[in-house]
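Q: My structure is below; once you've seen it, I'll send some questions.
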Amino acid sequence: MNYTDIILIAVACMSIPLICAIFFDAFYAEKKSKSFSLKRVSIWYALFFAVSFIPSVLFLAQ
């Protein structure tokens, strides 16, 4: 595994959770009849980032 693979994994672990968090909050806000909130998006992002990043780090550390 070279540095290009590590960079691609890092970009994926940062961008995919952001997109998921935005869509997840949009659907959550629509269902709960609330407005879109960047504060909630940041919480969703932290959750999705941890769920995607921690297993990747554990996999690479082996």
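Q: Just to be sure before I move on: is residue 16 open to solvent by 70 Å² or more (accessible area, probe 1.4 Å), more than 16 Å from the chain's Cα centre (by Cα) and touching a residue at least 24 places away in the same chain (Cβ under 8 Å) in the structure I sent?
A: So residue 16 does not fit the description; no.
Q: Here's a follow-up. Quick one: how many residues across the stretch 20-38 are assigned to a helix (DSSP H, G or I), among the charged types (D, E, K, R) and either open to solvent by 100 Å² or more (accessible area, probe 1.4 Å) or at pLDDT below 90 (or both)?
A: 3
Q: What are the pairs with Cβ atoms under 8 angstrom where one residue, in the stretch 20-36, is more than 16 Å from residue 51 (Cβ to Cβ) and the other, located anywhere, is of a type in the set (Gly, Ala, Ser) and part of a helix (DSSP H, G or I)? Sequence gap at least six, or different chains.
A: Cβ pairs passing all conditions: 35/29; 36/26; 36/29.
Q: How many residues are part of a helix (DSSP H, G or I) and exposed (fewer than 14 other Cβ atoms within 10 Å of the Cβ) when one looks only at the stretch 43-62?
A: Total satisfying the criteria: 11.
Q: Give the residues of the stretch 1-13 that are open to solvent by 100 Å² or more (accessible area, probe 1.4 Å) and outside any helix (DSSP H, G or I), sorted by residue number.
A: Matches in the stretch 1-13: 1 only.
The values are calculated or read from the model by the stated rules, or taken from the named source; none is laboratory data. Bear in mind the structure is a predicted one, so any value in this text is a computation, not a measurement. Cβ coordinates were reconstructed from backbone atoms using ideal geometry, including for glycine residues, and neighbour counts include every protein chain displayed. The accessibility values were calculated without ligands, DNA or RNA, using every heavy atom of the protein model including side chains. Shrake-Rupley method; radii C 1.70, N 1.55, O 1.52, S 1.80 Å.
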